[in-house]
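K.L.:
Before we start, here is the structure in question, set down as structure tokens.
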Amino acid sequence: MLETESRERLQEELAGIDALELGDRTRASFGRRAWSATWPKLAAIALAIGAWQLLYWSSWRPHYTFPSPGTVFSELRDELGNGVLLPAIGRTILRAAKGYAIALVLGVIAGSVVARSKILRSAFGSFITGLQTMPSVAWFPLALLLFKRSEAAILFVVILGAAPSIANGVINGIDNIPPLYLRAGRVLGARRMSMYRYVILPAALPQFVGGLKQGWAFAWRSLMAGELLVIIPGQFTIGALMQNARDVNDAPSLMASMVVILIIGIIVDAVFFAGIERTIRRRRGLLVAS
Amino acid sequence: MTTHDTIVAAGATTPNTVAPAAPPEPLAAISVNGLSKAFGQGAATVHALDRLGLEVRAGEFVCLVGASGCGKSTLLNLVAGLDQPSSGTVNVDGRTGLMFQESALFPWLTVAGNVELALRLRPDNTLRKRARRQRADALLKSVHLDGFADRRPHELSGGMRQRVALARAFAQDADVLLMDEPFGALDAMTRDLLHDELERLWTDRSFTVLFVTHNVREAARLADRIVLLSSRPGRVVAEFPVDIERPRRIDSPEVSSLARTITDRLREEVRRHA
């Protein structure tokens with residue numbers, strides 16, 4: 001039996017060594033973190049606009065085909081007020097959301113089914129990766145044959161663009177779970193369903209989010225290609241506006257639409273997906289503190 | 001060869017071999033009979049364990065020592081039910097908990113979350129969320145980690161993570177704790193403290209321990225009985241009862257002299273493979 005005195009000493013020693021081993025836990029305030037994440041991006045944008053302005057001044061191309069940043073941004077401001085651009089952005093984003101949502105469901109189902117079985121994985125694993133590398137524009141001729149010039153043709157290609165990446169994210173996530181976690185889960189009493197819920201899914205999450213992010217990039221690209229190729233009369237979308245602007249040689253309007261595409265892409269990727277990814281990585285200690 | 005030779009080394013530790021008059025023989029917590037495990041097929045077959053027999057009494061602290069390839073981890077996996085034997089039987093009375101060299105805490109959960117999950121996954125779980133949290137807090141307090149409940153595992157030191165892993169095993173209410181070199185990756189100072197801590201918990205909570213290590217001193221510091229395994233295939237070649245009074249120190253002369261005896265025997269075993 002251990003007497004009280006030595007127990008107390010042990011407790012103190014443990015507390016002492018714990019305190020010595022633990023690092024500083026302080027985290028900068030939200031404002032500071034937001035600023036330190038934002039200013040490099042702002043600086044990069046300023047640099048890009050500066051280069052654009054210099055190229056404009058150099059008269060590399062006639063000014064009516066290559067307008068200055070100032071002209072494009074004032075065009076963008078005007079168009080945002082004229083009641084055409086905003087609904088067009090809305091329609092495009094709605095299409096993206098619809099296509100991505102369907103791709104998400106299909107990708108997760110396909111990925112989980114394939115990851116569960118060795119035979120299915122060897123049968124469809126490389127097939128899914130093959131689909132992923134296929135340029136989505138290559139689907140359009142077939143999509144037009146199947147669905148004519150319709151909303152469905154665009155959705156078809158957006159889904160085919162995004163779903164394989166999402167499915168691959170699920171498969172890679174499940175494949176790369178450290179076996180130690182599965183053993184620990186079994187020792188703790190996890191069985192089929194509880195193993196999925198409490199061990200496999202959370203362990204696969206970082207790679208799954210990677211797949212979601214990549215799927216979004218493919219969906220967005222496919223959508224832009226689709227909107228340029230499949231123009232449905234009477235429906236204004238970002239792609240349709242760009243095609244119109246090109247037809248009438250309206251360079252400022254064309255480039256204003258491009259700026260919109262870029263901004264939407266950056267917002268979704270940098271704010272939404274990167275935010276989720278960073279949170280997951282920080283919580284799991286995968287982020288190197290700078 | 002049909003049975004393994006079990007040599008009971010007298011050493012400096014056993015004054016007599018006659019058991020004191022204790023009528024009801026305590027139930028075996030672990031009994032392993034004729035256990036064999038082979039991996040691979042044909043010429044490439046590796047016999048990790050060969051007709052191994054072992055009994056561990058309830059409440060006993062047994063250390064398994066052996067050189068590389070003695071199948072220590074294979075044996076623990078079989079006892080834990082994570083793997084199936086090629087032949088032979090394993091019987092465990094009660095629930096088993098298993099601790100690894102790495103803590104195997106889930107990085108997506110907080111420290112308390114890891115302990116709570118163990119409570120939740122118990123087949124007899126009836127606790128609600130609040131009660132689970134309270135129980136987890138109490139278990140963390142028992143390993144002196146109250147105040148760290150909301151930390152993430154990566155924020156803790158290796159020694160602290162192993163204490164969380166201990167709390168998690170207690171959350172399972174394990175009667176038999178299997179430990180696979182749990183302190184192997186820790187620095188000497190932390191390891192000494194954790195030996196004290198483990199001994200304290202074992203004294204207070206009375207559970208059975210089967211502890212694998214290749215550190216002979218650690219075995220002499222902790223065990224009631226040390227079982228020495230041969231390598232490739234693994235079988236029991238010697239047993240050493242440890243009658244050194246607790247609490248022990250790893251640097252005491254008794255522990256050192258027993259460790260020397262066992263190390264000599266272990267080296268003899270290793271020389272056979274030269």
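What follows is calculated from the coordinates using simple rules that are stated; it is not laboratory data. The shown structure was predicted, so the numbers you read here are calculated from the model rather than taken from an experiment. Reconstructed Cβ throughout: ideal geometry from the backbone, glycine too, with neighbour counts over all protein chains shown.
K.L.:
Quick one: what do you get for the stretch A:68-283 if you divide its Cα Rg by 2.2 N^0.38 Å?
P.N.:
Against the compact-globule rule of thumb, the ratio is 1.21.
K.L.:
Rounded to the nearest 0.05, what FRET efficiency is calculated for residue A:134 and residue A:276 with R0 set to 30 Å and r the Cβ-Cβ distance? Don't skip to the answer; put the middle values down first.
P.N.:
Values: r = 27 Å, r/R0 = 0.90.
E between residue A:134 and residue A:276, to the nearest 0.05, is 0.65.
K.L.:
Please list, in chain and number order, the residues 5+ apart from residue B:237 or on another chain whose amide H is under 5 Å from its amide H, with Hs placed from the backbone.
P.N.:
Under 5 Å from the amide H of residue B:237 lie the amide H atoms of B:228, B:229, B:230, each far enough along the sequence or on another chain.
K.L.:
For each pair in A:41/A:213; A:98/A:118; A:118/B:37, compute the distance between the two Cα atoms and list the pairs where it is over 28 Å. Walk me through the numbers on the way to the answer.
P.N.:
On the way: A:41/A:213 19 Å; A:98/A:118 32 Å; A:118/B:37 25 Å.
With Cα atoms farther than 28 Å apart: A:98/A:118.
K.L.:
Then there's this: Largest first, please: the extent of the C-alpha atoms of the stretch B:139-274 along each principal axis, to the nearest Å.
P.N.:
For the stretch B:139-274, the Cα extents along the three principal axes come out at 51, 32, 28 Å.
K.L.:
If you don't mind, there's one more thing I want to ask. As a test of the formula, what do you get for the protein assembly as shown when each DSSP H run with n ≥ 4 contributes -39,500 (n - 2.57) and the sum is divided by the residue count, at 222 nm and rounded to the nearest 500 deg cm²/dmol?
P.N.:
Calculated from helices alone, the mean residue ellipticity at 222 nm is -18000 deg cm²/dmol.
K.L.:
Once the other residues with Cβ under 13 Å from the Cβ of residue A:240 are scored (Lys, Arg +1; Asp, Glu -1), what is the net sum?
P.N.:
+1
K.L.:
Across peptide A:12-18, what mean number of C-beta atoms from other chains lies inside 10 Å of a residue's C-beta?
P.N.:
6
K.L.:
How would you order B:43-55, A:133-145, B:120-132 from highest to lowest mean count of nearby Cβ atoms within 10 Å?
P.N.:
B:43-55, A:133-145, B:120-132
K.L.:
Another question, if that's okay. To the nearest 10 degrees, how steeply does helix A:238-247 sit against the main Cα axis of chain A, on a 0 to 90 scale?
P.N.:
30 degrees
K.L.:
Based on the Kirkwood radius over alpha-carbon pairs, what is the Stokes-Einstein translational diffusion coefficient of the protein assembly as shown at 37 °C with 0.692 mPa s viscosity, in µm²/s?
P.N.:
Estimated via Stokes-Einstein, D reaches 115 µm²/s.
K.L.:
What does the charge add up to near residue A:274, with Lys and Arg as +1, Asp and Glu as -1, over the other residues with Cβ less than 14 Å from its Cβ?
P.N.:
My count for the surroundings of residue A:274 gives +4.
K.L.:
Could I ask something else about it? Calculate the spin-label point distance for residue A:15 paired with residue A:109, positioning each point 7 Å from the Cα along the beta-carbon direction, and give it in nanometres.
P.N.:
So the two model labels end up 5.7 nm from each other.
K.L.:
Does anyone have the angle between helix A:251-266 and the longest principal axis of chain A? Alpha-carbon axes, 0 to 90°, nearest 10?
P.N.:
The two axes meet at around 10 degrees.
K.L.:
Is there a simple number for the mean count of other chain Cβ atoms within 10 Å of the Cβ of residues in B:149-161, and what is it?
P.N.:
Across the residues of B:149-161, the mean count of other-chain Cβ atoms within 10 Å is 3.
K.L.:
Give me the Å³ per residue figure for the convex hull around the C-alpha atoms of chain B.
P.N.:
Once divided by residue count, the hull of chain B is 156 Å³.
K.L.:
What's the ranking of A:165-177, B:205-217 by average number of surrounding C-beta atoms within 10 Å, highest first?
P.N.:
Highest-to-lowest ranking by the protection proxy: A:165-177, B:205-217.
K.L.:
When the Karplus curve 6.51 cos²θ - 1.76 cosθ + 1.60 is applied with θ = phi - 60°, which whole-Hz ³J(HN,Hα) does each residue of the stretch B:33-42 get, with x for Gly and Pro?
P.N.:
10, x, 7, 10, 9, 10, 10, x, 9, x
K.L.:
Still on this structure, I have one more. Helix A:30-57 against the longest principal axis of chain A: what's the angle in degrees, Cα atoms only, rounded to the nearest 10?
P.N.:
That helix lies at roughly 30 degrees to the long axis.
K.L.:
Across the residues of B:79-86, average count of Cβ atoms on other protein chains within 10 Å?
P.N.:
Whole-number average of other-chain Cβ neighbours for B:79-86 is 1.
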